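Notes follow once the structure below has been shown.
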Amino acid sequence: MSNKVRVRFAPSPTGGLHLGGVRTVLYNYLFARHHGGEFVLRVEDTDQTRFVEGAEDYIVKCLEWCGLNPDESPQKGGPFVPYRQSERKHLYYQYAQQLVDAGHAYYAFDTPEELERKRNDLAKDGNPGTNFQYDSSTRGSMRNSLSLNNQEILELLDKNTPYVIRIKMEHGKTITFTDMIRGEITFDTSLVDDKVLLKADGMPTYHLAVVVDDYLMKITHAFRGEEWLPSAPVHLMLWDKLGWKDSMPQWAHLPLILKPDGHGKLSKRDGDRLGFPVFAMDWYDPKTGDTTKGFKEIGFLPEAFVNMLAMLGWNPGMEQEIFSLEELVQHFSIERVHKGGAKFDYEKAKWYNQQHIHQSSDEKLLPLVKPYLTEHGVNTDDAYLLKVIALIKERCTLLPDFWDQGHFFFKTPEIKELDTIKGKWDDNKKNFFNTWTEGLKSLTDWNHTAIEHTFNDHLQQHNLKKGDILLPLRIMLVGGKYGPGVFVIAEMIGKEETVKRIGQAVGLL
RNA sequence: GGCGCGUUGGUCAAUCGGCUAAGACGCCUCCCUUUCACGGAGGAAUGACGGGUUCGACUCCCGUACGUGCUACCA
């Protein structure tokens, strides 16, 4: 079994791609790359009622944005084509039938309504919170190929009665397996119900499909969320009874990503409620017409997003926290993934982005920043933008901050802090600005040191201190109390604009 | 209710029997900066509880509590 490592991400295309989903992709990807293996994308679209237009395409785009491209996928193809379970429909029946023939599965004719009623009845007169289980204790009283006689079964089949195929869980056996993250895990098979394997519409359920496809696609390691742990015994038994035990992948059940406040799994609603994205990219839901904000659109760098997600539940055991994708690949190991769920912390997420912005070259940032200028009707040449980026990138956390922190380099700002100047305004200061700007007009060498020199000279002449004037000047040029050095700003925006802004501001006072 | 899984500061977390329990985010103080940041120096803040095992337990075992997941012809 010197098999090449093969892992898969198997989303169902029902909506936006959630943080937890991206992290699952990421761990798959990192594991595959770390071991020089292959990473495949398989679309689990077996539930036709939940199909959402555009969801698959959206998932592919998210992976692309994150830089986590699969080696095989519905789009790229590969040796195990097709990669969409709906297109593999014909494959599953034979395996379900194989299990029926061997006595490990059976036909069940109970209608959804009958089952529903059964559950309701039990909830009514029974203990609340108790659920009806279709298992070894109840299957004898249900309508299935185990309880009915051959004649009855044949009749039902003859009349084309819809049926499902259910697994016949063994009674009183202990199933154990070793999870790569959690170690040994044990189940009592009597407590697991007879899950549906093949639905009445001929589609497999997740339970049958994962096992069959993981086998057929030669998957060596299967990573999925912790919520799948309770159904693991079903899958284990399937691998066993289908006779594929020797090629069963190694399992790893990933911890959940939890709400930052309170408790429970992180959901899209938490993002809306608490004001942060939960999806990788903007998701437009064709059913509701709503768009949910994504990390990309809110201004995250994909490498920061991925870095942050990697560290949410995994730790390399060293002090370094900022990693490139390549470095993550190098250091990743599934054994170092945490067992416990992690609460998502948006503040920390933003910190990762800030760090990655700081580390990015101005050239790399340029194309990412540009759209935010265009959005505000600004068209500028790259050389100038590059200088601006260098000046302000250390005060930017999210990409839109480049506009908030740098707009005054491109447009005359609205003076929002006029009151700050007004409070201590007098004729002497007014005089200072008037005579200084006059002098500025004849300044031939327009650079920040020269500007600062004339500034200092004029201060003395007017018997003013730097502290009296510096902040007013900043507000006149910037509009507020922020930004890089004032004289550098003056140099950047040019003589004319500088004189103009001061003049206009003085006029307002 | 049943079953599974989990539990180190507010959050992410290191530790694989020697702990005076790292580091990061956030928070607070100070320095740098006559703006805002960046950066630097400090500070407050942690092993759920109870039993074992052991010379020694955050680390191993057992209970309890709490949390969380599953309990669909959904994934």
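The values are calculated or read from the model by the stated rules, or taken from the named source; none is laboratory data. Worth saying up front: this structure is predicted, and the values here are computed from it rather than measured. Note that we place each Cβ from the backbone using ideal geometry, even for glycine, and neighbour counts take in every protein chain shown.
Observations on the structure shown:
- The set of residues from the range A:157-177 being touching a strand residue (DSSP E or B) at 6+ places or on another chain (Cβ under 9 Å), in contact (Cβ under 8 Å) with a residue 24 or more places away in the chain and within 12 Å of RNA strand B (Cβ to nearest atom) comprises A:Tyr163, A:Val164, A:Ile165, A:Arg166, A:Ile167, A:Ile175, A:Phe177.
- Residue check for A:Leu41: within 16 Å of RNA strand B (Cβ to nearest atom), over 15 Å from A:Ala280 (Cα atoms), surrounded by 21 or more Cβ atoms within 10 Å (Cβ to Cβ) and not small (Gly, Ala, Ser): yes
- Looking only at the range A:178-197, and only at residues there that are closer than 30 Å to A:Phe332 by Cβ and aliphatic (A, V, I, L, M), the one that is nearest to RNA strand B (Cβ to nearest atom): A:Ile185
- Filter result for the condition that a residue is within 30 Å of A:Glu394 (Cα to Cα), assigned by TED's automatic domain parsing to the domain that holds A:Asp382 and among the β-branched types (Val, Ile, Thr), over A:Thr435, A:Thr454, A:Thr444: A:Thr454
- A:Trp351 vs. criteria of a type in the set (Phe, Trp, Tyr), closer than 29 Å to A:Lys268 by Cβ and more than 13 Å from RNA strand B (Cβ to nearest atom): no
- Pair list, Cβ < 6 Å and 6+ apart or interchain, from the range A:481-495 residues that are within 16 Å of A:Phe402 (Cα to Cα) and near RNA strand B (Cβ under 6 Å from one of its atoms) to residues that are assigned to a helix (DSSP H, G or I) and of a type outside the set (Gly, Ala, Ser): A:Pro484/A:Leu391
- Scanning the range A:216-232 for residues being touching a residue at least 60 places away in the same chain (Cβ under 8 Å), touching a helix residue (DSSP H, G or I) at 6+ places or on another chain (Cβ under 9 Å) and part of a helix (DSSP H, G or I) gives a total of 1.
- So A:Val52, is it outside any loop (DSSP other than H, G, I, E, B), in contact (Cβ under 8 Å) with a residue 60 or more places away in the chain and of a type outside the set (Lys, Arg): no
Residues are listed down the side, and each one gets a yes or a no for (1) under 20 Å from A:Pro204 (Cβ atoms); (2) at pLDDT 90 or above; (3) in the same structural domain as A:Val192 (by TED's automatic domain parsing):
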site: A:Tyr107; (1), (2), (3): yes, yes, yes
site: A:Leu115; (1), (2), (3): yes, yes, yes
site: A:Asn127; (1), (2), (3): no, no, yes
site: A:Arg143; (1), (2), (3): no, yes, yes
site: A:Glu155; (1), (2), (3): no, yes, yes
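- Total residues in the range A:198-250, condition under 26 Å from A:His18 (Cα atoms), of a type in the set (Ser, Thr, Tyr) and away from RNA strand B (no atom under 15 Å from the Cβ): 1
- Residues of the range A:13-38 that are under 18 Å from A:His221 (Cβ atoms) and more than 14 Å from RNA strand B (Cβ to nearest atom): A:Asn28, A:Tyr29, A:Leu30, A:Phe31, A:Ala32, A:Arg33, A:His34, A:His35, A:Gly36, A:Gly37, A:Glu38.
- Residue check for A:Ile451: of a type in the set (Val, Ile, Thr), closer than 15 Å to A:Thr498 by Cβ and not in a loop (DSSP other than H, G, I, E, B): yes
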